[in-house]
Amino acid sequence: MCGISGYLDLDRGVDTDTLRRMTDVIRHRGPDDEGYALIGKGGAAFYRGEDTLPQLSLPPLEQGGSGTFLGLGHRRLSILDLSAAGHQPMALPERDLALTYNGELYNYLELRAQLEALGHRFRTNCDTEVLLHAYCQWGEDCLDHFNGMWGFALWDGKENKLFCARDRLGAKPLHYYHSANKLLLGSELKQLCQDPAIRRTFNRPYLAANLMYRLGDYDDETLIEGMRALPPGHKLVVQVAPEGDRIVSVTVTPYWTLHVRYDDSYTQAQWEEQVAEEFSRACRWRLRSDAPVAALLSGGLDSSCMVTELCGQMSDPAQLHTFTTSYPGDASCDEWYFADLVNRACGCTGNQILPAPTDIEGQFENVVWHTEGLCGLSLLGVKALLEQVRSQGYKVVLNGQCGDELMLGYERYYAFYFSWLLKTGRIRRLLREFPQAGRHSRLHLHSLAAYVLYFDLPMVRDTRQLHRAERFVKRDLLEMRKKAQLHELLYPRSLEQLQYLELTAMQLPNIVRMDDRLFMSASLESRIPFMDYQFVELACRIPPEYKIREGYTKYLMRCVFDARMPREVTWRTNKLGFGAPVDAWARQVSPEYLLSHIRNARTAPYFRQDALEALVLRSPAHPAVFEFLTMESFARQFDVSV
């Protein structure tokens with residue numbers, strides 16, 4: 001798990017000062033080691049940085065740069081093969097390959113055995129070398145053999161191309177900027193901002209979607225014009241001319257497509273068996289680490305299932321430490337009671353973390369710096385939790401993200417599920433399920449009916465969102481949103497389409513950006529068993545009647561773990577997640593601080609300053625205040641013009 005940099009310039013050559021800044025600015029992603037490769041017509045040469053392991057006898061980066069057109073940088077968080085043998089960028093000189101890679105191949109042991117049987121020989125015990133040999137064996141089709149998370153850039157000197165890819169569901173990021181014969185890439189946007197030649201301007205249509213729908217990460221655009229995110233499940237190939245003087249082509253193409261197609265050929269018992277088997281494998285593979293492993297436990301169903309499965313695979317469950325945020329006395333966000341039930345039932349070691357941020361302003365600005373987009377105060381609690389985990393010596397943390405998107409865990413799914421029952425002629429079931437949903441969710445029947453109407457009537461949703469946003473955001477900006485694209489994303493016509501969009505555009509991409517940036521800000525690797533692509537493909541075949549049943553969301557998962565967990569947890573309906581007392585924290589923010597930002601806003605052309613000022617004086621904890629503060633802090637920290 002690491003951070004990567006890439007600097008390709010066929011006109012002026014590599015600017016090593018910029019490459020160094022691009023790599024240094026993400027030191028938090030990999031404080032254990034640092035390395036560089038400079039590539040020219042004569043091949044690749046390798047260099048050290050200030051954090052390079054002392055046992056590696058490499059020249060300093062300043063000695064390179066002459067006659068090179070591609071520079072690769074790397075920051076390492078050592079997880080597999082903690083020795084210097086895992087240093088990156090890694091090369092296979094006999095094949096003229098150089099790789100900078102961020103991620104984990106969870107099936108690297110199986111792949112290594114397969115490649116050894118085909119005649120490949122290995123000198124390390126890390127998955128980076130497995131990736132290189134897999135490319136040697138299968139070329140770009142190596143991606144089809146990987147199960148894991150990754151963002152990498154691989155230079156193939158024989159083919160004169162830079163081959164980059166991102167994992168199927170986007171757990172690991174990869175950003176890039178392309179102009180003429182120049183291409184920059186990195187794990188985070190802030191790396192691309194290190195090049196002074198790139199003008200940084202707000203992407204206004206994207207900003208409008210963020211502010212109107214609280215929506216980001218829905219396509220390959222970002223808040224900064226011209227800086228793009230390689231979409232999940234895609235590869236980027238930069239073909240360089242044989243003479244090395246120009247970029248012939250830059251192509252972005254998918255190598256994997258998710259399909260949501262319900263399969264009626266299995267019984268509930270058969271689905272339970274398959275889910276239990278695949279989830280067990282996904283958890284087992286994610287325990288593979290040469291560094292200490294911990295788990296986050298919210299007390300909700302998904303993380304509880306994960307911890308239960310992990311403990312079931314361990315000879316001594318007490319060795320597994322779980323971490324839970326807790327706010328004693330605040331029932332709206334304190335889940336320690338449920339988490340402790342799971343800890344005691346599994347025999348693992350629970351850690352109750354009590355976040356109490358003091359410098360709210362500074363900590364929120366730090367979260368904006370790391371997350372690089374729309375975020376909220378609740379993330380201060382998560383950040384504090386992760387810093388505690390790291391302070392106890394852990395590098396790898398498993399968490400329960402993505403279970404809701406796979407098993408229809410959010411209340412909004414009821415609307416589409418009831419519509420699906422109606423369309424498929426299951427009227428009796430609909431009449432039975434509707435009142436049960438009122439009993440087995442956080443929604444009473446009146447609230448449930450309102451949810452159904454709201455999500456079934458696109459015009460109502462759009463009008464409400466526009467009315468909410470234009471109280472504080474200028475209408476001119478909101479009208480710049482790409483209405484046709486957003487309508488297609490926001491208003492699916494079926495339950496299948498909704499689940500597909502939630503996993504590929506509307507929900508999961510935003511979650512994994514927050515997940516990656518927050519964990520890596522604390523130099524932690526996040527592993528998500530529910531995001532195992534084989535488990536995802538299985539879950540997307542399971543018919544809805546097994547996911548929502550008797551009014552319960554995630555019904556099948558509850559059944560799989562019914563006999564293994566406390567029933568108070570398995571069948572609980574008051575879903576909270578990692579919440580936080582955000583209203584109380586917001587009141588700690590100085591009104592003078594907020595008013596100063598509003599009155600001196602770089603983003604003034606986008607916001608109604610008078611309305612925001614009045615809101616600060618009347619209701620400083622209002623979400624609109626922090627939506628403004630997020631974008632204003634982003635503009636200042638990243639030096640983005642309007």
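Taking a sphere under 11 Å around the Cβ of T100 and counting the other residues whose Cβ falls inside, with K and R at +1 and D and E at -1, yields a net charge of +2.
Using C-alpha pairs under 8 Å with a sequence gap of at least 6, the mean separation divided by the residue count of segment 247-343 gives a relative contact order of 24 percent. Estimated at 0.36 nm per residue, the fully extended path between R471 and S447 surpasses their Cα-Cα distance by 6.1 nm.
Loop sites by DSSP among the GluC sites (Glu not before Pro) of the chain, restricted to those with at most 10 other Cβ atoms within 10 angstrom, leave 244-642 as the longest stretch without any of them. Less than 10 Å Cβ to Cβ from F530, Lys/Arg counted +1 and Asp/Glu -1: what total charge do the surrounding residues give? Local net charge: -4. Each Cα pair under 8 Å and six or more residues apart adds its separation to the average, and for the chain the resulting relative contact order is 16 percent. Put simply, the C-alpha atoms of segment 219-366 give a gyration tensor, and the ellipsoid matching it has half-axes of 39, 27, 17 Å, longest first. Here the label points at Q352 and Y454, each 7 Å from Cα along the C-beta direction, are separated by 3.3 nm in the simple model. Note that segment 167-284 carries a Kirkwood radius of 17.7 Å, evaluated over its alpha carbons pair by pair. The distance linking segment 501-536 with segment 278-338 is 16 Å (Cα centroid to Cα centroid, whole angstrom). Approximating the spin labels as points 7 Å out from Cα along Cα→Cβ, the H487-to-D144 distance works out to 3.9 nm. Against the compact-protein benchmark of 2.2 N^0.38 Å, the Cα-based radius of gyration of segment 550-603 scales to 2.12. Restriction of the trypsin sites (Lys or Arg not before Pro) in segment 51-157 to DSSP coil positions whose beta-carbon has at most 10 other beta-carbons within 10 angstrom yields R121, R123.
Here the chain has 49 percent of its accessible surface on carbon and sulfur atoms, given a 1.4 Å probe and all protein chains in place. The R12 and L92 beta-carbon pair, evaluated with R₀ = 25 Å, returns a calculated FRET efficiency of approximately 0.30. Using 20 Å as the cut-off for backbone N distance, which residues of segment 622-642 belong to the label zone defined by a point 7 Å from the Cα of R199 along Cα→Cβ? It comes to 635-642, nothing else. Max-minus-min Cα coordinates of segment 505-642 on each principal axis give 57, 30, 29 Å, with the largest extent listed first. If the label point is 7 Å along Cα→Cβ of R567, which residues in segment 318-343 have backbone nitrogen under 18 Å from it? The answer is 338, 341-342.
Entry note: segment 438-502 has Rg to Rh equal to 1.05, where both radii use alpha-carbon atoms and Rh is the Kirkwood radius. Distance from the alpha carbon centroid of segment 66-96 to that of segment 1-61 works out to 9 angstrom. Extension gain for the segment A318 to D330, taken as residue separation times 0.36 nm less the Cα-Cα distance, is 1.5 nm to one decimal.
Greater than 31 Å separation of Cα atoms is the criterion. Which listed pairs, K158/K182; K161/K395; K190/K554, meet it? Violating the 31 Å Cα-Cα cut-off are K161/K395; K190/K554.
Quote the Stokes-Einstein diffusion coefficient, in whole µm² s⁻¹, for segment 339-393, based on the Kirkwood radius over alpha carbon pairs, a temperature of 10 °C and a viscosity of 1.306 mPa s. Taking Rh from Cα pairs, D becomes 123 µm²/s. Annotation for E613 and E537: the two label points, set 7 Å from Cα along the Cα-Cβ direction, are 5.9 nm apart. Remark: the chain carries 37 Å² of accessible area per residue (probe radius 1.4 Å; ligands, DNA and RNA excluded). How large is the helix-only mean residue ellipticity at 222 nm for the chain, computed as the sum of -39500 (n - 2.57) over DSSP H runs with n ≥ 4, divided by its residue count, in deg cm²/dmol to the nearest 500? The helix-only estimate for the chain comes to -11500 deg cm²/dmol at 222 nm.
Measuring r between the beta carbons of K41 and Y337 and using R0 = 60 Å, the FRET efficiency lands at 0.40.
The per residue volume of the convex hull around the alpha-carbon atoms of segment 91-142 is 83 Å³. Using a Förster radius of 51 Å, what is the FRET efficiency between D245 and R636 based on their Cβ-Cβ separation? Nearest 0.05, please. About 0.80, to the nearest 0.05. Along the charge dipole of segment 330-384, which of N343, W369, L379 sits closest to the positive end, that is, farthest toward it, with unit charges on the beta carbon of Lys, Arg, Asp and Glu (+1, +1, -1, -1)? Of the options given, the answer is N343. Seen from A505, the other residues with C-beta closer than 9 Å to its C-beta sum to a net charge of -3, counting Lys and Arg as +1 and Asp and Glu as -1.
The values are calculated or read from the model by the stated rules, or taken from the named source; none is laboratory data. Note that the structure is a prediction, hence the values are computed from the model and not measured. Cβ coordinates were reconstructed from backbone atoms using ideal geometry, including for glycine residues, and neighbour counts include every protein chain displayed. Accessible surface is based on the protein model in full, side chains and every heavy atom, while ligands, DNA and RNA are left aside. Shrake-Rupley method; radii C 1.70, N 1.55, O 1.52, S 1.80 Å.
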